[in-house]
1. Step by step: first the residues of segment 197-208, then only those that are under 25 Å from residue 389 (Cα atoms) and surrounded by fewer than 24 Cβ atoms within 10 Å (Cβ to Cβ), then the one that is farthest from the ligand (Cβ to nearest atom). Which residue is that?
2. Could you tell me how many of the residues in segment 80-90 are touching a strand residue (DSSP E or B) at 6+ places or on another chain (Cβ under 9 Å) and either in a loop (DSSP other than H, G, I, E, B) or farther than 15 Å from residue 386 by Cβ (or both)?
3. Of the residues that sit in segment 56-79 and are in contact (Cβ under 8 Å) with a residue 40 or more places away in the chain and not in a helix (DSSP H, G or I), which one is nearest to residue 11 (Cα to Cα)?
4. Kindly list the number of the only condition in (1) within 16 Å of the ligand (Cβ to nearest atom); (2) part of a helix (DSSP H, G or I); (3) in contact (Cβ under 8 Å) with a residue 60 or more places away in the chain that fails for residue 309.
5. Which is at pLDDT 90 or above, buried (at least 18 other Cβ atoms within 10 Å of the Cβ) and touching a helix residue (DSSP H, G or I) at 6+ places or on another chain (Cβ under 8 Å), of 85, 32?
6. Out of 212, 269, 275, I need the residue that is within 16 Å of the ligand (Cβ to nearest atom), under 20 Å from residue 183 (Cβ atoms) and at pLDDT 95 or above. Which one?
7. Can you tell which of 255, 237 is out of contact with any helix residue (DSSP H, G or I) (no Cβ under 6 Å at 6 or more places or on another chain), over 25 Å from residue 155 (Cα atoms) and part of a loop (DSSP other than H, G, I, E, B)?
8. Say we look at segment 137-174 and pick out the residues that are part of a helix (DSSP H, G or I) and touching a helix residue (DSSP H, G or I) at 6+ places or on another chain (Cβ under 7 Å); which of these is farthest from residue 380 (Cα to Cα)?
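The values are calculated or read from the model by the stated rules, or taken from the named source; none is laboratory data. The shown structure was predicted, so the numbers you read here are calculated from the model rather than taken from an experiment. In this analysis, Cβ positions are derived from the backbone assuming ideal geometry, glycine residues included, and neighbour counts consider all displayed protein chains.
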Ligand code: ADP
């Protein structure tokens, strides 16, 4: 057997999956949350059994990784028995890099350098990578960048209409994120409808805590909703998505600091800012209970989605497939219905029964004669990272 360990280091979390390189079976998975806080939560699942940690504080990513290694030793499978051949690291910002990259000291320095663009995300990834390399210097470590799929965005989509010289000096352009998921889901979507990826015009909606849309023509991105950072675009759990930039200027003139603005737009906006909850299930419960703020939050969320899908439909010269994925996209039939019903005049015809069916697999949810096919495809970023890490190490 050969296996790959996939690590996803967030600002205060470390998630992992151990994947069998040949069968692609998940051998174990888990995570440590609330790193650096007063008490951490952690869990490890393998062989159908889940064990939770004891809640003691975990100071940093190095300590979190030590906890993960001891969970493997205690609850299995033991890392010495699974022939680890690579560690795949999810890295949010890769700048212009479009390929998975074996991590050297120079690559790590570059990832840290991109902190200016993705302060929280890349700092966490770099800390996790450093800890993992120290622990297993014998293994190749591979960075898989969330921006990679969108490195080939056409200039018309990646360019902000600001002073070109200023933009170049500060590397300000639209990079796009969630690329691993958009690439995976667009490839699975083509398989599902039995069409070559190279001939299909499609729109992918990745709706999780973070949310993004992409337009993909023949397997290549034409546009995506996230930009310089993952803040642009759709309404998200705690992020605002699109705004008039003058909102920032207005608050800055009223005395808000850069840090306060960052926290407002990234952590206290979106569904949370409008309704008080960022979790989509909790939002729907409030909507059902007649909460008006929750209703407005949902309306704004759907309005933005319809606007993006309609725009991408035009950019593609008519999409042939619209796919929903991630936590909300895969599990919230009412949200899918709310979006697709608004798009009916454009040729998106929902099959209500298929949409409401309690299924977890990739499936179509439009009527057989719908001009545009609508589908749900589960994303699997960990498996995509494992495959790319394996490829990178040959
Ligand atoms: P992340 O971006 O953290 O990876 P996920 O893709 O796991 O996020 O999505 C999390 C979101 O999915 C949460 O808002 C959660 O409420 C929502 N979600 C999960 N299951 C359901 C469900 N059954 N119905 C509605 N929303 C759901």
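1. 198
2. Final tally of qualifying residues: 2.
3. Here the residue is 60.
4. Every listed condition holds for residue 309 apart from (1).
5. 32
6. From the options 212, 269, 275, the qualifying one is 212.
7. Values: 237 fails: out of contact with any helix residue (DSSP H, G or I) (no Cβ under 6 Å at 6 or more places or on another chain).
The unique qualifying residue is 255.
8. Filtering segment 137-174 for residues that are part of a helix (DSSP H, G or I) and touching a helix residue (DSSP H, G or I) at 6+ places or on another chain (Cβ under 7 Å), the one farthest from residue 380 (Cα to Cα) comes out as 150.
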